[in-house]
Structures are given as structure tokens and as C-alpha cells.
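Chemist: Quick one: this structure, given as C-alpha cells, is what I'll be asking you about.
The values are calculated or read from the model by the stated rules, or taken from the named source; none is laboratory data. Keep in mind the model is a prediction, meaning the values are calculated, not measured. Here the Cβ is made from the backbone with ideal geometry for all residues, glycine too, and neighbour counts use every protein chain on show. Calculation scope for accessible area: heavy atoms of the full protein, side chains included, ligands and nucleic acids excluded. Shrake-Rupley method; radii C 1.70, N 1.55, O 1.52, S 1.80 Å.
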Amino acid sequence: RMRLGVLISGRGSNMAALIEAARDPAYPAEIALVISNNADAKGLETAAAEGIPTAVIDHRAFDGRAAFEAALDTALRDAEVELVCLAGFMRLLTAGFVNAWADRILNIHPSLLPAFKGLHVHERAIAAGVRITGCTVHVVRPEMDDGPIVAQGAVPIMPDDTPETLAARILEVEHAIYPLAVGLFASGKAKVVGQRVKIAGDTSVPPALIN
Ligand code: GAR
């Protein structure tokens, strides 16, 4: 099974979805290490309760991004991590780190990229009046919230939605598509070809969910 390093900053519900998927021995990946940049992240407790090794690498303890990322890199390599999964990890990674792990970092973002990159996505989607939003799993490239798309889930925006109700509806779909996308990658069915991810085998069903 492919060894995953999951990077979190907070609640860790997407991390928990990956842990849950990996309970199935047939799932092609396992969680080797969970790293948080924030010692108070709730997800650290969830991972520890599952017997998964955890580490806190607090960016504030380092003199600059390069030193922080060197510590991340060392921890991931020491744990023999093969694929890095960002799961609510709220630090931008520099090109140095991203290129060192080229095509081996995935991220989940709560919008239908390339729409609504960055923060406060639910407020912005509601304000823009879009009727459908969702979530995206993509391969990480140095530009923020950019890179080849692995899977997406579509979620409607209801007239009385608040950012909170919308976030909760999207989160449920995140919990389905992140394990799906990681599984495709870990099994070798998904591969980066240029600026796109190609899925081997069945090309009639794209990795997409409609809520
Ligand atoms: C998720 O909605 C994730 O998509 C989002 O933060 C939340 C983390 O929740 N990520 C980003 O906004 C990345 N910029 P979780 O900690 O429960 O997985």
C-alpha cells in the first residue's frame, strides 16, 4: 500500500475520511504519518486515537519558510511517505518544496476550481450568486489552488444558505471524493500527463460526484 503523509492544521475531518477508507485492506494506501503545523489541531487527537503516528511542526518555531519546509521534508522522508495529502493545511508551500515532491502532493479545496481559489470561498460563492459550487482534489503546483484536477464534486447552493450551511454540505462531498482521488492515485490509475490527470481504464466515468 502506498504510504501517505497527511498534513493538517485543524479539525481533520478529511484526514479522518482517509483513515476510514484505509481501514479496508483492499484500499491501495495507508496513513504513515499525520503532521500538523498547529499543536492545537483537533485532528491530531483523532489520528492518535487510531494509533497513527503524529508530529507537530509549528511554522512559528522556524526562521522562515525554507527552514519550516526542510523540517516537513525530513519528517516525511523519515516516515517513508510516498504521497503527501493536504487536508485543511492552511500554509502555502513554496516552489522549492512543491518541486521536490513534484506530482506527489494532493490538495482538497472547497470550490469547483479554477473558480474561487483562496480563502472565504463559501461567502464568495454565495455573493457571486453561483447556483452550483463544490470541491476539488488536485495535484499541487507552486501557484495557490492550482494544478491538475483529479476529482470534483458538485453541490447546489440553496437560496437560504449561509457560508456555514453551504460548507457543511460541501464537506460531506469532500469526504467522498478525497478517498476516491487518493485511491486512484495510489493504485496508479490516475497519472499526471502534462497539465491534466488521466485516469486509466474506464474513461466513460470521470471521477465526479453530483450531490
Ligand atoms: C475543508 O473544507 C477543506 O476543503 C478546506 O478546509 C477544510 C478543512 O476541514 N481547505 C482549504 O480551505 C484549503 N485552502 P478538515 O480539517 O475538517 O478536513
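Chemist: Residue pairs, Cβ under 6 Å, 6 or more apart or interchain, first in segment 134-156 and in contact (Cβ under 8 Å) with a residue 40 or more places away in the chain, second open to solvent by less than 40 Å² (accessible area, probe 1.4 Å) and of a type in the set (D, E, K, R). List them.
Modeler: Here the result reads 135/174, each pair linking segment 134-156 to a residue that is open to solvent by less than 40 Å² (accessible area, probe 1.4 Å) and of a type in the set (D, E, K, R).
Chemist: Let me ask something else about it. Just the residues that are out of contact with any helix residue (DSSP H, G or I) (no Cβ under 6 Å at 6 or more places or on another chain) and surrounded by 15 or more Cβ atoms within 10 Å (Cβ to Cβ), please, taken from segment 99-114. I'd like the intermediate steps shown before the answer.
Modeler: Filtering segment 99-114 for residues out of contact with any helix residue (DSSP H, G or I) (no Cβ under 6 Å at 6 or more places or on another chain) gives 99-107, 109, 112-114.
100, 101, 103, 104, 105, 106, 107, 109, 112, 113, listed by residue number.
Chemist: Shifting gears a bit: Based on this model, can you work out whether residue 153 counts as open to solvent by less than 20 Å² (accessible area, probe 1.4 Å), small (Gly, Ala, Ser) and touching a strand residue (DSSP E or B) at 6+ places or on another chain (Cβ under 7 Å)?
Modeler: On the way: open to solvent by less than 20 Å² (accessible area, probe 1.4 Å): yes; small (Gly, Ala, Ser): yes; touching a strand residue (DSSP E or B) at 6+ places or on another chain (Cβ under 7 Å): yes.
So residue 153 fits the description; yes.
Chemist: If you check residue 103 against the conditions, is it part of a loop (DSSP other than H, G, I, E, B) and either under 21 Å from residue 195 (Cβ atoms) or not acidic (Asp, Glu) (or both)?
Modeler: Yes; evaluated as a whole, the condition is true for this residue.
Chemist: Select from segment 93-107 the residues that are more than 12 Å from residue 144 (Cα to Cα) and within 15 Å of the ligand (Cβ to nearest atom) and write down the one among them that is nearest to the chain's Cα centre (by Cα).
Modeler: Checking each candidate, the answer is 106.
Chemist: Restrict the check to segment 169-181 and report whether at least one residue is among the basic types (Lys, Arg), open to solvent by 50 Å² or more (accessible area, probe 1.4 Å) and either at pLDDT 95 or above or assigned to a helix (DSSP H, G or I) (or both). Give the steps one after another, and end with the answer.
Modeler: Our first condition is that a residue be among the basic types (Lys, Arg); within segment 169-181, this holds for 169.
Checking which are open to solvent by 50 Å² or more (accessible area, probe 1.4 Å) leaves us with 169.
If we keep only those that are either at pLDDT 95 or above or assigned to a helix (DSSP H, G or I) (or both) as well, we get 169.
Looking through segment 169-181, at least one residue is among the basic types (Lys, Arg), open to solvent by 50 Å² or more (accessible area, probe 1.4 Å) and either at pLDDT 95 or above or assigned to a helix (DSSP H, G or I) (or both).
Chemist: Looking for whichever is within 15 Å of the ligand (Cβ to nearest atom), hydrophobic (A, V, I, L, M, F, W, C) and under 18 Å from the mean Cα position of the chain (by Cα) here; the options are 192, 197, 150. Which one fits? Steps first, answer last, please.
Modeler: On the way: 192 fails: within 15 Å of the ligand (Cβ to nearest atom); 197 fails: within 15 Å of the ligand (Cβ to nearest atom).
Checking each option against the conditions leaves just 150.
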